1. Which three lengths, in whole Å and largest first, does the stretch 347-486 cover when its Cα atoms are put on their principal axes?
2. For the stretch 326-382, what are the per-bin percents of Cα-Cα distances with bins 10 Å wide, up to the bin holding the maximum?
3. Give me the one-decimal Kirkwood hydrodynamic radius in Å for the stretch 133-191, with the sum taken over alpha-carbon pairs.
4. Rg/Rh for the stretch 255-330 to two decimals, with Rh computed the Kirkwood way over all alpha-carbon pairs.
5. Setting aside same-chain residues fewer than 8 positions from residue 298, which aspartates and glutamates have a Cα under 12 Å from its Cα?
6. Within the stretch 249-338, which trypsin sites (Lys or Arg not before Pro) sit in a loop by DSSP and count at most 16 neighbouring Cβ atoms inside 10 Å?
7. Let me know the Rg and Dmax you get for the stretch 195-305 when you use only its Cα atoms, in Å.
8. What whole-number volume per residue, in cubic angstrom, does the convex hull of the C-alpha atoms of the stretch 1-136 give?
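The values are calculated or read from the model by the stated rules, or taken from the named source; none is laboratory data. This structure is a prediction, so every number in the text was calculated from the model and none was measured. Note that we place each Cβ from the backbone using ideal geometry, even for glycine, and neighbour counts take in every protein chain shown. When the accessible area is computed, the model is the full protein with side chains, heavy atoms only, and any ligands, DNA or RNA have been set aside. Shrake-Rupley method; radii C 1.70, N 1.55, O 1.52, S 1.80 Å.
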Amino acid sequence: MDTKKLRQKILDLAIRGKLVPQDPNDEPASVLLERIRAEKERLIKEGKIKRSKKTASDDEIEAPFEIPESWEWVRLIDVCHIFGRIGFRGYTKEDLVAFNGAITLSPSNIIDGKMNYDNCTYISWEKYEESPEIQISDGDILIVKTGSSFGKSAYVEGLPQKATINPQFVVLKYITCYSRFLTFMLQSGYARNNYDEFVLGTAIPTFTQVVLGDMVIPLPPIVEQKRIVDEIERWFTLIDELESNEGDLLKAIDKAKSKILDLAIHGKLVPQDPNDEPASVLLHKIREEKQQLVKAGKLKKKDLIETPISEDEIPFAIPDTWEWCKIGALFLHSSGKQLKGGDNEGTLQPYITTSNLYWDHFELGNLKSMYYKDSEIERCTAQKGDLLVCEGGDIGRSAIWPYDYSIFLQNHVHRLRPYFTGYTRFIYYVMWLYKHTGLIGGKGIAIQGLSASALKDITIPLPPHAEQKRIVAKIEEVFAEIDKLK
């Protein structure tokens, strides 16, 4: 279930008057709008806000979509006033203090549409007092107007102490409709589309307070606004429970899969067959294949040297027909090409990197390209059956290239090409278990990074060839049943 899309669907229904039924006894939004205008005049006379250049009227506003008859179209500036830290309201590093000051809120304080005060920056009290119009209070609404997270917004509540904003924010104050309804409206897909149109064509995405205030929004009757908010929050609570349950389920699934694989690498998932050719014979065949590659000039003599396995590297007992070995003994290793600016020799080719490589599958929708020389093709391409492993990013994440065509690689992807066919799928599951139990990329456990030497030095248990097939078949049978729970 895509809970993010579900939330957006609920907000989309809400701002179109389709989430809760209309009540003919509700005071229409037109009456609310008159009160809003009267309140705005009072604030103007008191000098708290300035008169805006535009006000809502049927002549000025072209309705973006259909709304109920009791609703009204208005501009954002008609139901609030917008303030930002601009010009003399800016500040420098010298204005920041350790703790003895006011909070200065930034976009990082908005997480999943809500305010979070766990990590705050502080500004001197002198600088805070300098700009009273952007002093933040519970009930205000914050919107990011500049930077990569433009359009992100949240309702302010639970402020731990006095606060202001940094220059990336604008704050909505003197809100004359139901603030929580306005917050949800500003988080809707309709509002998001407006923000995208507002952005100026600069290196840093940004929009102005003027264009934001000019945004056309739907205004329901005030009592309906409250009913809508109650219904949105009811649905969002249910979605939160779904996400929590899904998170717990996924953790349980990972735990179950780890247990299955743990049994597999201990030789306890399927029974041993005394008629199986032992793993020592498989290793002998691999060594013979490597000798042939040396004769063909595809492998160097030094690659025949196998690192001995010490007693300290053997973590548990395995069946007599199994063998302990290093990954480097089973695979011919290479990695892709490093991306360098100005390198335009060779042929421009699409390549995959760690962002395309996921557990047991690839995302190939947006491949980048770079130049490869003829001398780099063999080393920097993967073919069907190769095990590909992330060097960086999610260290150790792996998948077997499943396609009939070859693909070029970037240098942050390790390529493991089996010397002898048939065992790659079993090794993939070993990698999955090692990663999920902290043996690869863990904190202070085994392998921190995943250099070529570290990858090749990973010690693994190797069953007989025939038993590997039975183990993999059983793993995939059980995993398929577990995945049905999703």
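1. If we take the Cα atoms of the stretch 347-486, the spans are 44, 36, 34 Å.
2. Calculated P(r), rounded to whole percents: 20, 45, 29, 6.
3. 11.9
4. 1.05
5. Candidates past the 8-residue exclusion: 289, 378.
6. Within the stretch 249-338, the qualifying trypsin sites (Lys or Arg not before Pro) (loop, at most 16 other Cβ atoms within 10 Å) are 268, 298, 300.
7. Answer for the stretch 195-305, Rg first and Dmax second: 31.9, 85 Å.
8. 186
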